[in-house]
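Take a look at the structure set out below.
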Amino acid sequence: MRRFQRIRSAASTGICSSSLSTVAPVRTSAAAISNPSSTQQFACTASRPLWRTCQQPRCFSTTLATRSSPVELEETAEYEAEAPAIETDLVYPGEIVEAVPAEDVMDPHYKPAESMNDLVEVGGLQNWWEDPDHWGSSKKYVGFGPTEKVTDPALLQWVARRAVVEALVLKEHVGPKAKKLRHALLRASGVPKELSQLVNAEIVAGPDGGAALKDSESAYTIYKRSLNKKHGAVQGLGATAEEASPLVASWGKEWKKIELRDPVVKFFAATRIHRLTGHIIPDGKLVAITNIDGLVKAVVTPPKPAKLAELVEKKALFSELPNVKVFPRRVTPIDKEKMVGRWKIIARELQEHGLPLTGTGDYGKSVERKWVEGKEQVEALLQGSKSDEESTRTENLKGILETLKKENADELAAAAGKLADAARDASWRIPIGNSGILDFVLSSIPAEGLEHPLNRQALRLIGNSCADCDENRARVVESGKLSTTVKNFMADDALVPFAIAATLNSCVDYEKAQVQVCEAGFSKVLIDIVSGPRLSHVHLSHVMTILEMLSNQTAEPKFANPDTPALLLKLAVSNSYEADLDTFLEICSPALAYLTHQDLQPPFLTNNGLPLLQQAFLQSYTRFPTTDSDPDTADQLKQVWTTFVAIFADISAQPTFATACSLTSSEASTLISWLEDHPQDPHLQTASCLSLGNLSRSDEVTLSLLPRVQPSLSSILQRAIPPKDPDSPLPVPPLQLIHATLSFLKNLAIPQQNKPILGSSLLPKILPGLWTTTTTQPQLQFTAISLTRLLLFNCPENISILISPTPDSSTPSLLSLLSQTAEAADELPTKTESARAVVSVCRALHSPSPSTTPILSSSSPKESYSTHNKIISTSFSRLIAQSKFPPIKTDAIFVLALMSRSDQTEGSQMAKEVIENDVEVFKSIITAITGSDELVKSLLGENKIEEIVEEEKEGKVIAKGLEELSLEPKQLEANKMHPIGMSKVDRENGMVLVAALLQRFGEELTGEKRKLFEEVLRVGGELIVKDREGK
């Protein structure tokens, strides 16, 4: 970099201004440029100053000298030594060349510049860095991905699989702290060939259902061995398109169906794909990707379909016919002239006469004559105004309108047809509306007789002018013709397709038109058409689109035919139309949309619509081939399946469903067969679980249903627990099916007779597996634990399974595993449900019911409490200290009272520990007894306990009073599930608990705590007496 000499002061060099910049271009005269030895003088004199702001005493009176004093040179050297040059590959501007003084110029013709205008600009730094040659190679941009994208589909699938495997290895073995290593691995483009072997690693469904490696350690070993090698010079992907194609075929399609649930794995895989192939997956698409197949489809672009001409040429279909030639486009008159060799002559003649070779050039059609003669006025205007602005077209059409008002119906029909044709072009729609023509045509219909051409042309004009034009839609709605005239036109077979098209274009994305059509009862008319012999006169897709829009209106059930869903489903499963998957889905969509209205569900079930719903749902799987469907159709099919499931859940909740689908009916048998015979169709199984679960509302139905469905339900849950059996052809059930199965089992577990049967098949392995493998799915984990609690309630056989020792030393029993898993969860309902299960075990151990005798051996309670001491204490504390679920709290206090009165000393000892170990539990029980937070504060205050003075005889009085009250542990009844009823039950159970503890452990209590217990009993006894007296 150039160093500038130091200027000691302005006086030493004669420069009086610092405005001369070294960056500005130097201007010099032409003579100075032509004579290298000449020097241009910069001077500012008093008579003609160079700068007008320059004052007389401080003017430019020197030249830019090139000589420096010895001191200045020495300082310059010192300055340069202090700032060494920076090494860079940037190209900097050259040294500044200074002109010689004017007096040293030898050219006799040289004339110094007298103003800035006489100077010539030489060089300069403007746009210096815009030149790419001035930037070094180190500053050039290098993209993250390759410059040329990989396009071969097989190779892209190969890379996608490799990227997923590498992402899984990175996620599992390279921790979040190794940022530099992970960054280097993701950016690596050249790698050892051994690393490409990772593509053969087997991808399976992990514990949470997401993608995982079957042998992760081996893959990581290959990874480490490959990365330890020097691979900077190795390039390529590790395989060619020829090598990748057979590998991809050998893998099949099952690996693509595995879900990608971890967003980190998806991000790593997308990064590797970008680095290796150049394909970028946008964030919006990446978030929506749910499995490996979606990741592959995001980078593999399907090949464009070949044109017919290309296929004919490739297969040489007409090679034996020399007089036949296939062209890739339409043969024009110019092509024909070229074939016979006349085009050159024609082109030369046209050019000589100044005429265009194609088109009309600057010579437009003569429309004025037609305007004057009045012939084809509309057509002439439309042809001659293609380039006019919108306002110009509107004014021209207003002139046409005045003429049309004078025409008869036949001429108006012809003009309306021309305008309808023009309205296909979006630029004509607003002028047609603003000019008043649309309003005039609307006012002119209906013409006399439905067969009059004006009616058809008016419908065409309405439909075309309303397409994507809300202004014209508003005009049609305001006219009222949509709900009257257009509806009446649907009675004519010739007009009905035009009336439907006009209605469709008026309603799309326009709420006011939809409301008007809904209130006019259009759906009844359309349903009559498609369910009768007039079906062939309409475009079925247009009708279904209108019906789907109408089904979204809140008031539609009031105006629609109650049999609309059944009639549409009957049409869908019939052969009265050209059936294909797309049309089938178009019919099912509005049918299901109508069934979302609660008002239409009872008549649907009453009129035997359930078999049609089941038949349509089954046909969506079996009637049409779905493997080769295009992506849009496949997505629509999944959406329809999901809607079917939701509809089954809704209608099965109706009170009339039990009548329409009794256990002895064919409909119930169909639902059960879906569980048994369709393991590959999860939506059918989900609908079956939801429907049968809602059907199980009585013990009679549940007892009869259990043996018919238990094997299928157990199989579904067994497949949901990883690892999946590699030999099993059945897929892992989706989350919705697992949840529906668990919910169905909860209903089946309510009758007492079903509990041991379900417990023997679910509790040993299936449910514990679901507790531990659904940690990332809180709702599933909660439902599995809730089902466990129901199976434990008053069922000693199932309780024995849960509290028995297990071979695993880390978990003494399944009850311990349940509690540990729930405590590790983040959701409070899951923790609460686990605590309720523990309380159910304690209830069974101390319940006076004779059904509990099988587990009440002499050692069972003692061993159970010693093994689960902490679990039991924590569970009671959680339930009693909370106030969010009062019935649960009431139940926990009741069980604690049972334990305190039990003949088993371990139970009463456990109750004592629960109260002593948790102050909040103690406060909650005292509050339940006394009914006042203020009293709790006074009783538990630091200085208040000593103020309670009780004599021994008063304690005897309290004990006698409690005996007279005849208090026993009382369970909350269903008719007392209200705040007042629960508070009374809590008070009595709390009194039983405190009295029992005072009686059994009174000698162990300190004087203050004993006095506290007695005071609580005194206050609680008085409140109970008042409750019983009705005060």
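In the structure shown, do any of Lys755/Lys984; Lys140/Lys297; Lys307/Lys336; Lys257/Lys638; Lys638/Lys831; Lys638/Lys765 have a Cα-Cα gap over 25 Å, and if so which? Check vs 25 Å cut-off fails for Lys755/Lys984; Lys140/Lys297; Lys638/Lys831; Lys638/Lys765. For Val120, nonlocal amide neighbours, meaning residues 5 or more places apart or on other chains whose placed amide H falls under 5 Å from its own, are Thr28, Ser29. Ordering Thr643, Pro603, Ala566 by Cα displacement along the dipole of segment 563-670 toward the positive end leaves Pro603 in first place; charges were set at the Cβ atoms of Lys, Arg (+1) and Asp, Glu (-1). The protection proxy used here, the mean number of other Cβ atoms lying within 10 Å of each residue, ranks peptides 346-357, 987-998, 445-456 as follows, highest first: 987-998, 445-456, 346-357. Measuring nothing but protein heavy atoms, the accessible surface of segment 239-361 at 1.4 Å probe radius is 59 percent carbon and sulfur.
Ligands, DNA and RNA are left out, and with a 1.4 angstrom probe the accessible area of segment 579-679 is 42 Å² per residue.
The values are calculated or read from the model by the stated rules, or taken from the named source; none is laboratory data. What you are looking at is a predicted structure, and each value in this text was computed from that prediction instead of being measured. Cβ coordinates were reconstructed from backbone atoms using ideal geometry, including for glycine residues, and neighbour counts include every protein chain displayed. Just so you know, the surface numbers come from the protein's heavy atoms only, side chains and all, with ligands and any DNA or RNA stripped out. Shrake-Rupley method; radii C 1.70, N 1.55, O 1.52, S 1.80 Å.
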